[in-house]
Amino acid sequence: MDALGINGWNLAIQLGAFIIFLYLLNRFALKPILRVLDQRREQVAESMAAAERMQAELQATAARNEQVLAEARREAQGIVVNAREVSEATLARAREEAGKQADEYLTRAGETLRQETETARQQLRQEVADLAVMAASRIVRKELDPASQSRLIQETLAEVGGTNGAGGAAGRAAARPSA
């Protein structure tokens, strides 16, 4: 070894120093560095897991929000449909009520018209009877007393009300000579 220029003691000391250096490097430098790298890897893995959990929670929250929105839309549509039904029912009731009132007004108007027609007929009969008495009194040239006149009017009205057509004319002709 001397021929190569290697000293045995120096080689052993250098080899021992190198082994001690490797031991010290492993113990004080490499293990702490590996420990820090492992911790860093765990932190990154935990951060990734947390990010995935957050992503899942966001998706779940978004799904819940969509469900709530869909439910709110359904409720709003239900409210609109209900409001339409209520308004249509109210309109139908109002139309029905208006129809009933119109029928009632028409019935009242018809009744009033019948009453006024009957009153007008009675007045017309009275006037016709008065004219007939006046004409008969001018023809006969004699005045009738009020009691006879009233009786004659009643008989004439009874004949006119009880007969139609030719029978009424014959009854009137028969009533004239007695006057």
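Rule-based calculations on the coordinates, nothing more; no lab input. This structure is a prediction, so every number in the text was calculated from the model and none was measured. Reconstructed Cβ throughout: ideal geometry from the backbone, glycine too, with neighbour counts over all protein chains shown.
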I'd like the distance between the alpha-carbon centres of the stretch 83-98 and the stretch 6-79, rounded to an integer number of Å.
70 Å
Any idea what log10 I(q)/I(0) is at q = 0.10, 0.15 Å⁻¹ for the stretch 8-143, Debye with uniform C-alpha scatterers and no solvent?
-0.83, -1.01
Have a look at Ala29, Ala62, Gln43 and report the one farthest towards the positive end of the charge dipole of the stretch 1-92, computed about the Cα centre with Cβ charges (Lys/Arg +1, Asp/Glu -1).
Ala29
Report the charge-dipole magnitude of the stretch 8-143 in Debye, nearest 20, computed about the Cα centre from +1 at each Lys and Arg Cβ and -1 at each Asp and Glu Cβ.
440 debye
